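Take a look at the structure set out below.
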Amino acid sequence: MSSVEFEFDHVGIAVSSLQESSRFYEALGIARGSNEVVESEKVQVQMFDLKNNCRVELLEPTSPESTVAKFLQKRGPGIHHICLRVSDIHATLKRLKSAGVRLIHEEPIRGAHNCSVAFVHPSATGGVLIELSQPDVRKF
Ligand code: CO
């Protein structure tokens, strides 16, 4: 079996205001990273880049239909997901499917930074929403 690369990529935190929640990270002395709207998830994303190639991702919903909006309604602000960077998302999803793991996305969707991402259902992971992300090859 070929070895698959996994690295910790980011923690996603649901917030009601990017502006307010960014203050803490700025007070720490971390400069704001990229900011973009991710249409597929109906969220605006503010990244804070850490030295070890990991990031904190703040997520503010852009629509009441966003799953992040529903998360905020149910649980309030807090950790929404963690993201593992994978070298081959198609191979990873195929392996999970054949292992009977419950997936939210059977095929990758476009995430922040043009990454190919897919979410694994928390019921299959011990209660944590897990995002798998393959970086955009044109950038890396
Ligand atoms: Co994420």
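Rule-based calculations on the coordinates, nothing more; no lab input. Fair warning: this is a prediction, and the values are worked out from it, not measured in the lab. FYI the Cβ positions are ideal-geometry reconstructions off the backbone, even for glycines, and counts take in every protein chain you see.
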Two-site FRET efficiency, Glu7 against Thr62, from Cβ-Cβ distance with R₀ of 35 Å, rounded to 0.05: 0.80
Below 8 Å between Cα atoms, with a sequence gap of 6+, how large is the relative contact order for the chain in percent? 24 percent
antiparallel share of DSSP beta bridges within region 6-134, to nearest 5, in %, is 75 percent
Looking at the P(r) of region 6-134, how many percent of alpha-carbon pairs lie beyond 22 Å? 34 percent
Under a crude label model (7 Å from the Cα following the beta-carbon direction), how far is Val37 from Glu107 in nanometres? 2.5 nm
